[in-house]
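> Take this structure, written in structure tokens, and hold onto it; I'll ask about it next.
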Amino acid sequence: MNATSPHTADPHTADPHTADPHPADPHTAGPDAAHPPPAGPHRALLARHRAVTPSWLATYYREPIELTHGEGRHVWDAEGRRYLDFFGGILTTMTAHALPEVTKAVAEQAGRILHTSTLYLSTPMVELAEQIAELSGIPDAKVFFTTSGTEANDAALLLATAFRRSNQVLAMRNSYHGRSFSTVGITGNTSWSPTSLSPLQTLYVHGGVRTRGPFAHLSDEDFTAACVADLEDVLGQAEGTVAALIAEPIQGVGGFTSGPDGLYAAFKEVLDRHGILWITDEVQTGWGRTGDHFWGWQAHGAAGPPDLLTFAKGIGNGLSMGGVVARAEVMDCLGANSISTFGGSPITTAGALANLRYLREHDLQGNARATGALLLNRLRSAAEELPIVREVRGRGLMIGVELVERDGSPSPQAATATLEYARELGVLIGKGGRQGNALRIAPPLSLTPAEAEQGAGLLVQALRQAQHTVGGKEQGQ
């Protein structure tokens, strides 16, 4: 694919959900780090961007790009270069770019009315809430719409702490739940927690990372038992009532890590004994992306559904949409009045309805399972000859590739180099992990087998180039 000319840019920054907190050495970060490209539309826009936005608002690539339009699984930048999109605006373009069904629904709704607020009844909001409540698996479910995953998790924390009359919350190590004051307070990934101040008392437990940490050497069964014992120990140190456990079935910003299937079912047995609520953060794992299940929690479903479920990203296919599903007694526990000015707006719910209908009618969950398996197999096969790759993990179209140095330590330099090489070759991916050393691969769920093959080939090529540039652990270590 002729996506770019050679020697175009050099990375080390990242978007606000996946930025590398350990910037790469410009001499090892990627191609031509010491020779930036000539000024162009992107360079001019970057200067304007930096003048009016916060310094902590990170962007991908040393020379960031503007994406101006897309179609299907492809996007184009302001300089006319085409890319396979394997990140989908941080797992948000779930079905496809410029999906005609969504575009039509949005245009038709925009021609009628754009906005009303929850002070007025809304047919598309009610219809979408009915469908999500049924799909959630939560009995007697009610739905509250927000504008983002951060706001959805905020709302879930409000509900859980009000219902349980406690501000103590359990969260997973290496987790990420948003950028607001309260969600930063339950984020276990220190690279994304800019303050220790919080309205919540957060207790962190093991289980989000299977192949690193003190339990990594154990079997899945023993790993789960050790994590349950840790949970019991943490609860023994808590003072009084604990409100909830919030957990991502697969940790997104953490680098697409997860515990064994059934871990949260084992946790829920403990939680239920104490009356503690289980909040599943499905902002990235929902809507069939994992292929095997419609929701990430269903891989842990032996103990039944969660008490609360948060969602966002993919349901809107780029529209600003999020929400919370909860049992009616939990959702209705608030005593004060409340509204949502923008949550569940006519235009976002109309687009989300069309998007959800397309996803279900075309079995995109099944497609994620099939094309994801193709990608995983290709990457795992190539990794056998790439010492730079420690692990290829994930399920469906949610795939992580962890990169390391020669001694096996995390290598953010290798990740930034691969990110840039991939862009140069014509494929956009993401990055994550606490040390910024994991690649995040999450294409739209309509990805075709041919595109999966093409993208896998480009990613393998990018990894080989990073292996040559940065190096990895020695063979056999």
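The values are calculated or read from the model by the stated rules, or taken from the named source; none is laboratory data. Remember, predicted model here, so these are calculated numbers, not experimental data. Neighbour counts are summed over all protein chains in view; Cβ atoms, including those assigned to glycine, are modelled from backbone coordinates with ideal geometry.
> Are any residues in region 214-230 within 27 Å of residue 403 (Cα to Cα) and crowded, with 17+ Cβ neighbours inside 10 Å, and if so, which ones?
Residues satisfying the conditions are 215, 223, 224, 227.
> Please tell me if residue 336 is in a helix (DSSP H, G or I) and surrounded by fewer than 24 Cβ atoms within 10 Å (Cβ to Cβ).
Numbers: in a helix (DSSP H, G or I): no; surrounded by fewer than 24 Cβ atoms within 10 Å (Cβ to Cβ): yes.
Spelling it out, it is not the case that residue 336 is in a helix (DSSP H, G or I) and surrounded by fewer than 24 Cβ atoms within 10 Å (Cβ to Cβ).
> Please go through region 383-399 and give me each residue that is of a type in the set (Gly, Ala, Ser) and surrounded by 24 or more Cβ atoms within 10 Å (Cβ to Cβ), ordered by number. Step through it out loud before you land on a result.
First, pick out the residues of region 383-399 that are of a type in the set (Gly, Ala, Ser): 383, 394, 396.
394, 396, listed by residue number.
> For region 149-183, what are the residues that are part of a loop (DSSP other than H, G, I, E, B), touching a residue at least 40 places away in the same chain (Cβ under 8 Å) and surrounded by 20 or more Cβ atoms within 10 Å (Cβ to Cβ)?
Once the filter is applied, which keeps residues that are part of a loop (DSSP other than H, G, I, E, B), touching a residue at least 40 places away in the same chain (Cβ under 8 Å) and surrounded by 20 or more Cβ atoms within 10 Å (Cβ to Cβ), region 149-183 yields 174, 175, 176, 177.
> Given the condition within 18 Å of residue 82 (Cα to Cα), at pLDDT 95 or above, under 16 Å from the mean Cα position of the chain (by Cα) and outside any helix (DSSP H, G or I), answer yes or no: does some residue in region 448-466 qualify?
no
> Can residue 402 be described as acidic (Asp, Glu), buried (at least 21 other Cβ atoms within 10 Å of the Cβ) and assigned to a strand (DSSP E or B)? Walk me through it before giving the result.
On the way: acidic (Asp, Glu): yes; buried (at least 21 other Cβ atoms within 10 Å of the Cβ): yes; assigned to a strand (DSSP E or B): yes.
So residue 402 passes the test.
> Give me the residue from region 405-448 that is polar (S, T, N, Q) and under 25 Å from residue 193 (Cβ atoms) and, out of that set, surrounded by the most Cβ atoms within 10 Å (Cβ to Cβ). Don't jump to the end; show me each part of the working.
Filtering region 405-448 down to residues polar (S, T, N, Q) leaves 409, 411, 413, 416, 418, 435, 437, 446, 448.
Add one more test, that the residue is under 25 Å from residue 193 (Cβ atoms), and what stays is 409, 411, 413, 416, 435, 437.
Working: 409: 11, 411: 29, 413: 26, 416: 33, 435: 19, 437: 26.
Ranking the candidates gives 416 first.
> Conditions first: (1) over 30 Å from residue 439 (Cβ atoms); (2) modelled with pLDDT of 95 or more. Residue 356 passes all but one, so which condition is the exception?
(1)
> Which of the numbered conditions does residue 25 fail, given that it passes all the others? Conditions: (1) among the charged types (D, E, K, R); (2) crowded, with 17+ Cβ neighbours inside 10 Å; (3) modelled with pLDDT under 90.
(2)
> Determine, yes or no, whether residue 118 is in a loop (DSSP other than H, G, I, E, B) and assigned by TED's automatic domain parsing to the domain that holds residue 350.
Numbers: in a loop (DSSP other than H, G, I, E, B): yes; assigned by TED's automatic domain parsing to the domain that holds residue 350: yes.
Taking the combined requirement at face value, the residue satisfies it.
> With the requirement that a residue be surrounded by 14 or more Cβ atoms within 10 Å (Cβ to Cβ), modelled with pLDDT under 95 and more than 20 Å from the chain's Cα centre (by Cα), what does region 50-73 give you?
Residues satisfying the conditions are 62, 63.
> Which one of these does residue 278 not meet: (1) in contact (Cβ under 8 Å) with a residue 12 or more places away in the chain; (2) farther than 24 Å from residue 199 by Cβ?
Only one criterion in (1) in contact (Cβ under 8 Å) with a residue 12 or more places away in the chain; (2) farther than 24 Å from residue 199 by Cβ is unmet by residue 278, namely (2).
> Which of the numbered conditions does residue 291 fail, given that it passes all the others? Conditions: (1) modelled with pLDDT under 95; (2) surrounded by fewer than 24 Cβ atoms within 10 Å (Cβ to Cβ); (3) within 21 Å of the chain's Cα centre (by Cα).
Evaluating residue 291 over (1) modelled with pLDDT under 95; (2) surrounded by fewer than 24 Cβ atoms within 10 Å (Cβ to Cβ); (3) within 21 Å of the chain's Cα centre (by Cα) leaves (1) as the failure.
> Quick check on residue 377: is it in contact with a strand residue (DSSP E or B) (Cβ under 9 Å, 6 or more places away or on another chain), in a helix (DSSP H, G or I) and of a type outside the set (Phe, Trp, Tyr)?
no
> Does residue 129 count as touching a Leu at 6+ places or on another chain (Cβ under 7 Å), part of a helix (DSSP H, G or I) and at pLDDT 95 or above? Show your work before the answer.
Details: touching a Leu at 6+ places or on another chain (Cβ under 7 Å): no; part of a helix (DSSP H, G or I): yes; at pLDDT 95 or above: yes.
No; evaluated as a whole, the condition is false for this residue.
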